[in-house]
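Contents: one structure, followed by commentary.
The values are calculated or read from the model by the stated rules, or taken from the named source; none is laboratory data. As the structure is a prediction and not an experimental result, all values here were calculated from the model. Methodologically, a virtual Cβ is constructed for each residue, glycine included, from the backbone with ideal geometry; neighbour enumeration extends over all protein chains shown.
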Amino acid sequence: MHILLVFCDGVGLGANDPASSSSTNPFFHAPMQTLRAWFGKIPTRDDGVLFGENAILVPTDACLGVNGLPQSGTGQTTIFTGVNAPAAIGEHYGPYPNEALRALLKRDSVFLRLERLGFHTAFANAYPPFFLERLKLRQARRTATLQAALAAKIKVRDVDDLARGEAVSGLAMDNRYWVEQGAPVPLITPYSAGQNLMRLAQNFSFTAFEYAPTDMVGHKTDRADVLATLNEIDACWGGIAAQMDAANDLVIITSDHGNVEDWSVKGHTLNPVPTILLGARREKAAQQIHSLADIAPTIVKLLTDE
């Protein structure tokens, strides 16, 4: 079995607010062909669990019993450890993990747990040379997702991996930013990036990919940028679905907190986040996921219970 976790920062379930001049939910304004094909509609916070022909969506609690707006540092730490991070440190914290969160990631990273159990894992994001140099010098700002991978000494992928199609850009999936900087990588479509991502995941028991633009554009609320980002990630999902083997691959798409689903605000929201499950054993996974703290334990259980 191969599990691919696609983490999309800042994606919540928005209002049932179809496209109009006053609509707050940008998902209704974007084509979202893949998402609509999976569920026959745009999922909202009013729907509860949704069952499509090949997909299940589980509304997932990102507040975790702690007052205040969920943040990336604690949300991502919770996803990648199974520990209720905001409860553990007494607050929602982010965007980058503090010392207490880094300690949780070093101790309980799902990558580390799986590697110790004999499973091979991968982190699919590609990073440019300047970032890798700063990483060596301990000067790079590391997200909780990257910290979780580093805890298990997982390979950090570079421009050569991206050129071979063995990594994906976590900013613009078509590689345009890399090409603009002179990197020897091809321009591709987000759909092809999704295919590359799934193809890579089929070589490992567990693979994770982090996509940041959904949160970045949510904070700016430029509507054209929001729609372009939603279209990009939806096309990537389509490529993943086309490449996956539904009998042996499980894809988990989730987020750390709401943001981009409401373009009337520039900050995070209290909305539940969607956890979308595609492929093998999705029904069993759906039964186990209720909050962000359930995702890592579910991944470990699915792999060890085969």
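Summary of values
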| read-out | value |
| --- | --- |
| Segments classed as helices (runs of 4 or more DSSP H), wholly inside the stretch 1-94, with at least 1 members that are of a type outside the set (Ser, Thr, Tyr) and farther than 30 Å from residue 199 by Cα | 85-89 |
| Matching residues, the stretch 113-127, being touching a strand residue (DSSP E or B) at 6+ places or on another chain (Cβ under 9 Å) and either in a loop (DSSP other than H, G, I, E, B) or crowded, with 21+ Cβ neighbours inside 10 Å (or both) | 114, 119, 120, 121, 122, 123, 124, 125, 126, 127 |
| Hits in the stretch 279-306 - residues which are among the aliphatic types (A, V, I, L, M) and either over 18 Å from residue 47 (Cα atoms) or in a helix (DSSP H, G or I) (or both) | 280, 285, 286, 292, 293, 295, 296, 299, 300, 302, 303 |
| Residue check, residue 188 of a type in the set (A, V, I, L, M), part of a loop (DSSP other than H, G, I, E, B), closer than 16 Å to residue 240 by Cα and at pLDDT 95 or above | yes |
| The stretch 283-301: number of residues that are more than 21 Å from residue 63 (Cβ to Cβ) and buried (at least 21 other Cβ atoms within 10 Å of the Cβ) | 2 |
| Failed item, numbered, when residue 168 is tested on (1) surrounded by 21 or more Cβ atoms within 10 Å (Cβ to Cβ); (2) modelled with pLDDT under 95 | (2) |
| One residue from 15, 19, 37 being among the aliphatic types (A, V, I, L, M), closer than 28 Å to residue 299 by Cβ and either free of Cβ contacts under 8 Å to residues at least 24 places away in the same chain or surrounded by fewer than 21 Cβ atoms within 10 Å (Cβ to Cβ) (or both) | 37 |
| Cβ-Cβ under 8 Å pairs, at least 6 apart or on other chains, the stretch 139-160 side free of Cβ contacts under 8 Å to residues at least 12 places away in the same chain and on the phi < 0 side of the Ramachandran plot, far side surrounded by fewer than 21 Cβ atoms within 10 Å (Cβ to Cβ) and assigned to a loop (DSSP other than H, G, I, E, B) | 150/142; 150/156 |
| Residue within the stretch 122-131 that is at pLDDT 95 or above, out of contact with any Asp or Glu (no Cβ under 9 Å at 6 or more places or on another chain) and polar (S, T, N, Q) present | no |
| Hits in the stretch 128-144 (condition: under 14 Å from residue 159 (Cα atoms) and in a loop (DSSP other than H, G, I, E, B)) | 128 |
| Residues being over 15 Å from the mean Cα position of the chain (by Cα) and of a type in the set (D, E, K, R) - total across the stretch 192-248 | 6 |
